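Following: one structure in structure tokens, then a few remarks.
The values are calculated or read from the model by the stated rules, or taken from the named source; none is laboratory data. Fair warning: this is a prediction, and the values are worked out from it, not measured in the lab. FYI the Cβ positions are ideal-geometry reconstructions off the backbone, even for glycines, and counts take in every protein chain you see.
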Amino acid sequence: MRKFFILLLAISLLSVGLSAQTFRVVATEWPPYTTMQGQQPAGLAIEILDAVLKSMGITPVFEFVPWERAERMVREGSAEAIVSLSFNESRTAFLYYPQTPLHASRYVFFANRSRTGLSYTNYTELAAYTFGLTRGYSYTADFLSFVNDRAKSQSVDDDATGFRMLNANRIDLMPCDQANGIALLRSLGLYNNIVMVPGPPLTSRNYFVGFSKTSAWLNISTLAGRFDTALLAFQQTPAYRAIIDKYEK
């Protein structure tokens with residue numbers, strides 16, 4: 001009987017510990033996908049992720065940090081998930097990826113409005129210009145090879161810094177997600193100073209939530225698969241359509 005009560009106590013303590021465990025999701029400021037409105041996390045990716053996790057019985061806590069720190073936190077297991085990020089084979093060493101993306105994006109080049117007439121049919125035509133590249137971002141291997149071999153680049157901490165440098169003509173071109181770039185330029189008051197360069201997108205890609213392989217969260221190894229199922233189900237609901245319409249209209 002004494003052993004039975006000890007077992008019950010152990011189970012009770014374990015349950016309390018799990019219920020008190022925080023499911024931390026790290027993100028960086030990337031409107032309209034991940035952003036803060038006042039003191040509240042917001043954005044297309046944040047709202048979808050929040051709804052899906054809650055449908056699974058998980059209440060996430062969102063923390064906004066610089067991108068390199070966010071990656072370090074999920075690599076070390078001090079955060080359970082990271083959003084939004086593209087698929088990169090090297091990240092599978094420390095992340096579980098779901099099969100289904102949260103959203104898609106289209107990368108384009110932005111330039112100072114003073115560069116009238118600038119356009120291209122292939123980005124290799126832009127070798128004479130200096131590109132701003134955000135630290136920690138996953139650009140295509142071909143583009144990075146082109147910049148390293150034939151063009152010039154300057155690293156920036158975030159897209160906002162890149163746009164400020166573009167406005168000051170300290171760099172010539174800034175690759176950025178189209179929707180994010182427009183939203184960010186509006187918030188910075190630079191929308192009338194900086195324009196998209198006519199030409200094909202640098203890339204179109206899907207963005208995911210990644211789950212930390214080193215997190216102590218119970219059954220984290222199966223969470224990506226369960227999240228896939230829940231996300232696909234949520235995508236069939238009016239609530240999902242309402243989030244999409246809110247940010248894309």
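Checking THR116, THR124 one by one, the residue that is more than 26 Å from the chain's Cα centre (by Cα) and in a helix (DSSP H, G or I) is THR124 and no other. Would it be correct to say that ILE82 is crowded, with 19+ Cβ neighbours inside 10 Å and either of a type outside the set (Val, Ile, Thr) or outside any strand (DSSP E or B) (or both)? No: the conditions fail for ILE82.
Cβ separations smaller than 6 Å between residues 6+ apart or across chains give the following pairs from the range 19-40 residues that are farther than 24 Å from ARG106 by Cβ to residues that are surrounded by fewer than 17 Cβ atoms within 10 Å (Cβ to Cβ) and not charged (D, E, K, R): THR22/VAL61; ARG24/VAL61; VAL26/VAL65. Regarding LEU85, is this residue touching a residue at least 60 places away in the same chain (Cβ under 8 Å), farther than 22 Å from THR35 by Cα and among the aliphatic types (A, V, I, L, M)? Answer is no for this residue. Against the numbered list (1) under 21 Å from TYR207 (Cα atoms); (2) modelled with pLDDT of 95 or more; (3) not in a helix (DSSP H, G or I), PRO32 comes up short only at (2). Say whether the condition of being in contact with a helix residue (DSSP H, G or I) (Cβ under 8 Å, 6 or more places away or on another chain) and not in a helix (DSSP H, G or I) is met by at least one residue in the range 42-51. There is at least one residue in the range 42-51 that is in contact with a helix residue (DSSP H, G or I) (Cβ under 8 Å, 6 or more places away or on another chain) and not in a helix (DSSP H, G or I). Taking the residues in the range 135-160 that are in contact with a Gly (Cβ under 8 Å, 6 or more places away or on another chain) and touching a residue at least 24 places away in the same chain (Cβ under 8 Å) as candidates, determine which candidate is farthest from TYR247 (Cα to Cα). Residue satisfying both the conditions and the ranking: GLN154.
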